[in-house]
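Reading through the structure tokens given below for one structure.
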Amino acid sequence: MKERGLLIVLSGPSGVGKGTVRKAIFSQPDTKFQYSISMTTRKPREGEVDGVDYFFKSKEEFEELIKNDKLLEWAEYVGNYYGTPIDYVESTLQDGRDVFLEIEVQGALQVRKAFPEGLFIFLAPPSLKELKNRIVTRGTETDDLILNRMKVAKEEIEMMDAYDYVVENDQVELACDRINAIVTAEHCRRDRVSRRYKKMLEGDF
């Protein structure tokens, strides 16, 4: 019996390093995670391939999916829709592969409602001072925007109770090790594997 894959949701406040940690995990040669392909209504950029970089849809198609509850989460940004299609995630999990989703906190809370059996990991900064330093170092934000991001970050950190695990991103390599350890432990949970072993008991020895 093929074990069903896990939906792994990595989330945390802006500036905490979600993208950096996700890229580091996927650069590891033994990574078997399937990165969740998002859906969007924006036009493909040069070199982007449908079904590889994104699933490209018309606005009407996307709104039909929203209406039929076919998205784990979705948002509108700069006039375009972005979201995570349920059917793609479900078929990948049924195939026994773990799906990795890196997402903002609000999106993760949407996914939690639609997919409570997922594995939700909150990536936390070592301190608010370090988080602010990372945002400032980007060099892309005004002082007002930085202040607003920090205010939102504090609110998002207070939402960590909605997650299963908290991983501190003090060093990217260590954060990756912790996430991989959590996933390994989750695959050994009794409620995930007991059916397979009970099936085994039905045979001869």
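Can you name the residue in region 111-124 that is of a type outside the set (Gly, Ala, Ser) and surrounded by 12 or more Cβ atoms within 10 Å (Cβ to Cβ) and, of all such residues, is nearest to Val16 (Cα to Cα)?
The selected residue is Leu123.
In region 147-205, which residue that is aromatic (Phe, Trp, Tyr) and at pLDDT 90 or above is most open to solvent (accessible area, probe 1.4 Å)?
Out of the qualifying residues, it is Tyr165.
Among the residues of region 1-16, how many are in contact with a strand residue (DSSP E or B) (Cβ under 7 Å, 6 or more places away or on another chain) and either over 23 Å from Ala114 (Cβ atoms) or of a type in the set (A, V, I, L, M) (or both)?
Summing the residues that are in contact with a strand residue (DSSP E or B) (Cβ under 7 Å, 6 or more places away or on another chain) and either over 23 Å from Ala114 (Cβ atoms) or of a type in the set (A, V, I, L, M) (or both) in region 1-16 gives 6.
Name the residues in region 5-27 that are over 27 Å from Ile146 (Cβ atoms) and either touching a Leu at 6+ places or on another chain (Cβ under 7 Å) or aliphatic (A, V, I, L, M) (or both), would you?
Selection gives Gly5, Leu6, Leu7, Ile8, Ile25.
For region 184-205, name all the residues that are within 19 Å of Phe120 (Cβ to Cβ) and in a helix (DSSP H, G or I). Please lay out each step first, then the result.
From region 184-205, those within 19 Å of Phe120 (Cβ to Cβ) are 184-189, 191-192; that's our starting set.
If the condition is that a residue be within 19 Å of Phe120 (Cβ to Cβ) and in a helix (DSSP H, G or I), then Thr184, Ala185, Glu186, His187, Asp191, Arg192 are the ones that fit.
Any chance region 125-137 includes a residue that's touching a Phe, Trp or Tyr at 6+ places or on another chain (Cβ under 7 Å), open to solvent by less than 60 Å² (accessible area, probe 1.4 Å), on the phi < 0 side of the Ramachandran plot and in a loop (DSSP other than H, G, I, E, B)?
So far as region 125-137 goes, no, none of its residues is touching a Phe, Trp or Tyr at 6+ places or on another chain (Cβ under 7 Å), open to solvent by less than 60 Å² (accessible area, probe 1.4 Å), on the phi < 0 side of the Ramachandran plot and in a loop (DSSP other than H, G, I, E, B).
Are any of the residues in region 65-76 part of a strand (DSSP E or B), aliphatic (A, V, I, L, M) and either open to solvent by 40 Å² or more (accessible area, probe 1.4 Å) or under 15 Å from Ser11 (Cα atoms) (or both)? Full working, then the answer.
Here is the first cut: in region 65-76, the residues part of a strand (DSSP E or B) are 71-76.
Within this subset, residues satisfying the condition of being aliphatic (A, V, I, L, M) are 71-72, 75.
Now narrow it down to the ones that are either open to solvent by 40 Å² or more (accessible area, probe 1.4 Å) or under 15 Å from Ser11 (Cα atoms) (or both): 72, 75.
The answer is yes; a qualifying residue exists.
I need the full set of residues from region 25-37 which are open to solvent by 30 Å² or more (accessible area, probe 1.4 Å) and in contact with an Asp or Glu (Cβ under 9 Å, 6 or more places away or on another chain), in order please.
Keep residues of region 25-37 that are open to solvent by 30 Å² or more (accessible area, probe 1.4 Å), which gives 26-35.
Within region 25-37, Lys32, Phe33, Gln34, Tyr35 meet the criteria.
Suppose we keep only residues that are among the aromatic types (Phe, Trp, Tyr) and farther than 16 Å from Asp161 by Cα within region 89-127. Which one would you say is modelled with the highest pLDDT?
Phe100
Return the total of residues in region 38-60 being surrounded by 14 or more Cβ atoms within 10 Å (Cβ to Cβ) and either of a type outside the set (Asp, Glu) or more than 30 Å from Leu131 (Cβ to Cβ) (or both).
Going residue by residue through region 38-60, those that are surrounded by 14 or more Cβ atoms within 10 Å (Cβ to Cβ) are 38-42, 53-57.
From what's left, either of a type outside the set (Asp, Glu) or more than 30 Å from Leu131 (Cβ to Cβ) (or both): 38-42, 54-57.
Of the residues in that region, 9 qualify.
Can you work out which of the residues in region 94-124 that are within 17 Å of the chain's Cα centre (by Cα), touching a residue at least 40 places away in the same chain (Cβ under 8 Å) and part of a helix (DSSP H, G or I) is farthest from Asp170 (Cα to Cα)? Steps first, answer last, please.
Step one: filter region 94-124 for residues within 17 Å of the chain's Cα centre (by Cα), giving 97-124.
Then drop every residue that is not touching a residue at least 40 places away in the same chain (Cβ under 8 Å), which leaves 97-105, 107-109, 111-112, 114-115, 117-124.
Narrowing the set further to residues that are part of a helix (DSSP H, G or I) leaves 105, 107-109, 111-112, 114.
Values: Val105: 19, Gly107: 24, Ala108: 22, Leu109: 24, Val111: 26, Arg112: 26, Ala114: 31 Å.
Among those residues, the one meeting the criterion is Ala114.
The values are calculated or read from the model by the stated rules, or taken from the named source; none is laboratory data. Model, not experiment: these values are computed from the prediction. Quick reminder, even Gly has a Cβ in these numbers, built from the backbone with ideal geometry, and neighbours come from all protein chains shown. Remember, those area values only see protein heavy atoms, side chains included, never the ligands or the DNA or RNA. Shrake-Rupley method; radii C 1.70, N 1.55, O 1.52, S 1.80 Å.
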